[in-house]
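> The structure that follows is given in the form of structure tokens.
Readers should treat all values here as calculations from the given coordinates under stated rules, not as data from a laboratory. Everything numeric here is computed off the predicted structure, so don't read it as measured data. Glycine gets a Cβ as well: all are built from the backbone with ideal geometry, and neighbour counts include every protein chain shown.
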Amino acid sequence: MLKLDINLLWTVVNVLVMYAVLRKFLFKPVQDVIAKRQQMVDANLADAETSKKEAAETMNAAQEKLRNVDNEAAARREAYEKQAEVEKQQLLADARKRSEERRVGKECRSRWSPYH
């Protein structure tokens, strides 16, 4: 039969007591620290996700604004080009009119000039 020695019994008792002490003073605090860090990591990940969404929204808004600015600039450029063309035509018409008036004036002067 198996004979139990008193040393073996004390060793088992010591191991069980040591396990209980370690569990109470080491395992539990370490698990609490790990749980707190996990909560902190989860909160940081949630914040990062929120920041990422906000950044994407801001970027989309900036791109939309840039498209609007580009469209507005194109419209202004087109309006200025049309205005410039109108002014160009007006200047050309004025120049032709003056040229015609000068030509007519020269013809009149040359017809009525006694030195002709």
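> Run the simple label-point estimate for Asn71 and Arg102 please: 7 Å along Cα→C-beta, distance reported in nm.
Between Asn71 and Arg102, the simple spin-label model gives 4.8 nm.
> Got a sec? Which residues in the range 37-71 would a label at Glu81 touch, if it sits 7 Å along Cα→Cβ and we count backbone N under 17 Å?
70-71
> Once both axes come from the Cα atoms, what is the angle between helix 28-112 and the longest principal axis of the chain, in degrees from 0 to 90, rounded to 10?
0 degrees
> Still on this structure: About its Cα centre, what dipole magnitude does the chain give when the only charges are +1 on Lys and Arg Cβ and -1 on Asp and Glu Cβ, stated in debye to the nearest 20? Write down the numbers at each step before the final one.
Values: 22 positive and 18 negative charges, 110 e Å.
Dipole about the Cα centre, nearest 20: 540 debye.
> Further question on the same structure: If you take percent of Cα pairs over 17 Å apart from the coordinates, which of (i) 82; (ii) 56; (iii) 68 do you get?
Answer label, from the structure shown: (i).
> Return the calculated 222 nm mean residue ellipticity for the chain, to the nearest 500 deg cm²/dmol, obtained by summing -39500 (n - 2.57) across DSSP H runs with n ≥ 4 and dividing by the residue count.
-33000 deg cm²/dmol
> Using a Förster distance of 30 angstrom, determine the FRET efficiency expected from the C-beta separation of Trp10 and Val30, and round it to 0.05.
On the way: r = 28 Å, r/R0 = 0.93.
Plugging the Cβ-Cβ distance into 1/(1 + (r/R0)^6) gives 0.60.
> Put +1 on the Cβ of every Lys and Arg and -1 on every Asp and Glu Cβ in the range 44-89; which of Ala74, Gln89, Ala56 then has its Cα farthest towards the positive end of the dipole?
Farthest towards the positive pole: Gln89.
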